[in-house]
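The values are calculated or read from the model by the stated rules, or taken from the named source; none is laboratory data. The structure presented is a predicted model; accordingly, all values stated were derived computationally and were not measured. For neighbour counting, all protein chains shown are included, and Cβ atoms are generated from backbone atoms with ideal geometry for every residue, glycine included. All accessible areas refer to the heavy atoms of the entire protein, side chains included, with ligands and DNA or RNA removed. Shrake-Rupley method; radii C 1.70, N 1.55, O 1.52, S 1.80 Å.
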Amino acid sequence: VHSSTPPRARPRALPLLLAAGLAVTATGGCGGDADASGAGAEEIGLDARPDLADAGDGDDLHAEIEHLLAERDRVVDEIVAAPAVAADPDHPLVRQLAALYEPGSTEVAAALETWAGHAVAGERTLPATEGRPAFATRLDGEIERVGDGEVRFPTCNEHSYAVLDAGDQLVELQPQVEMPGEGTAVRVDGEWRLRQLTVERTTGCREGGG
């Protein structure tokens, strides 16, 4: 679930999902999210995860975290383009986002509430540049183990979006900006799931484009 919403410049880190929802505005989870997180990936429409026996170390773990981030970006881009779905806990996209995060994620619940507010205001967020997603997150350094079944990793967050109102008039345009951030993931029932993704209110990433 980037997971953790588009941002206006503020000098502090915030949940990435909220950053994708703050273009025109800003963590206990809701029942729908918790239910969704227990569903199987195939059941709720997530792309197949890499076939990893124990996604425990090295390249395997790297591939699993990259997969989580890519899936989160895909789902978030679809939700912010049609944010009314955020109000429906049974919508496939909402269930897919929740399944990427640990059960009961407050980050997911807050983001969904923000996106639903955008829908009420008649606003939606689309990619600003053809061929680029509105939000893209990639690993930007080494994955660090911080506990039993928990890892932390640096990220680079590319935002390239346009916010339109109900009349398709431009509300905000962010052609392309890269911002550093950090994520944590935990093992839940033998699979890695996101716990939190944050983004810093500063431009430029650690390892540059990739």
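Being out of contact with any Cys (no Cβ under 6 Å at 6 or more places or on another chain), open to solvent by less than 20 Å² (accessible area, probe 1.4 Å) and not charged (D, E, K, R): is that true of Val171 here? So Val171 fails the test. Scanning region 118-127 for residues that are crowded, with 19+ Cβ neighbours inside 10 Å and under 20 Å from Gly181 (Cβ atoms) turns up just one, Thr125. Within region 93-104, identify whether any single residue is farther than 26 Å from Glu150 by Cα, modelled with pLDDT of 95 or more and out of contact with any Pro (no Cβ under 7 Å at 6 or more places or on another chain), and answer yes or no. The answer is no, given that none of the residues of region 93-104 is farther than 26 Å from Glu150 by Cα, modelled with pLDDT of 95 or more and out of contact with any Pro (no Cβ under 7 Å at 6 or more places or on another chain). Only a single criterion out of (1) modelled with pLDDT of 50 or more; (2) in contact with a Phe, Trp or Tyr (Cβ under 8 Å, 6 or more places away or on another chain); (3) under 17 Å from Asp189 (Cα atoms) is not satisfied by Ser37, namely (1). Of the residues contained in region 149-168, none is found to be open to solvent by 60 Å² or more (accessible area, probe 1.4 Å) and polar (S, T, N, Q). Taking region 191-210 as the range and being open to solvent by 50 Å² or more (accessible area, probe 1.4 Å) and either in a strand (DSSP E or B) or of a type outside the set (Lys, Arg) (or both) as the test, the residues that pass are Glu191, Arg195, Gln196, Glu200, Thr202, Thr203, Glu207, Gly209, Gly210. Inspect all residues belonging to region 192-203 and state whether any of them is closer than 13 Å to Glu102 by Cβ and among the aromatic types (Phe, Trp, Tyr). Checked against the condition, which is being closer than 13 Å to Glu102 by Cβ and among the aromatic types (Phe, Trp, Tyr), region 192-203 yields at least one hit.
Here is the figure for region 94-107: residues that are of a type in the set (Val, Ile, Thr) and part of a strand (DSSP E or B) total 0. Open to solvent by 50 Å² or more (accessible area, probe 1.4 Å), in contact with a strand residue (DSSP E or B) (Cβ under 8 Å, 6 or more places away or on another chain) and outside any strand (DSSP E or B): does that describe Glu142? When the stated conditions are applied, Glu142 passes them. Filtered by the rule that a residue be touching a Phe, Trp or Tyr at 6+ places or on another chain (Cβ under 7 Å) and either more than 22 Å from Val163 (Cα to Cα) or not in a strand (DSSP E or B) (or both), region 108-135 gives Val108, Ala128, Ala134.
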